[in-house]
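Structure first, commentary second.
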Amino acid sequence: MKKIMLVDDNTDLTYVVKKRLEQLDNTYEVISANSGKECFDLLQQGNIPNLILLDIMMPDIDGWDIFAKIKENPSWREIPIVFLTAKTDAYSKAFGKIPAQDYIEKPFEILDLKERIDKILAQ
């Protein structure tokens, strides 16, 4: 089973993406977090995914701060992170010294997302 954590405050989006990805590939288990706090709670409880899909613009903790905190933690830093966002400027794509694995612009096609996920997980 490939565990994917989807972190986005848009609950409609997380529901649809979770259902579609799990329908397209029965080896995917998608867990969702609707805030940065929920993301960290899941990670601390041992829900370590193979990949994190992370929104940048969220109300409690933005995606950049979540990304930085994940990369600071030795237990989590190797988890590939893909930003799902409307923010695709050069600064966003190269935030900090550790760039994200990939960027996928919203809105996106679910089959394109699955293809990118498969490519990253195969590395």
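Quick rundown of the values:
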read-out: Straight-distance crosslink candidates among aspartates and glutamates, where the alpha carbon sits under 19 Å from K71 and sequence neighbours closer than 8 are dropped; value: D8, E38, D41, D55, D60, D62, D102
read-out: Anchor K3: aspartates and glutamates whose Cα lies under 15 Å away (excluding residues fewer than 8 positions away in-chain); value: E22, D25, E29, E78, D118
read-out: From the coordinates shown, Cα extents along the principal axes in Å corresponds to which of (i) 33, 32, 26; (ii) 54, 31, 26; (iii) 34, 32, 30; value: (iii)
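Read-outs: derived from the displayed coordinates by stated rules, not from any lab. What you are looking at is a predicted structure, and each value in this text was computed from that prediction instead of being measured.
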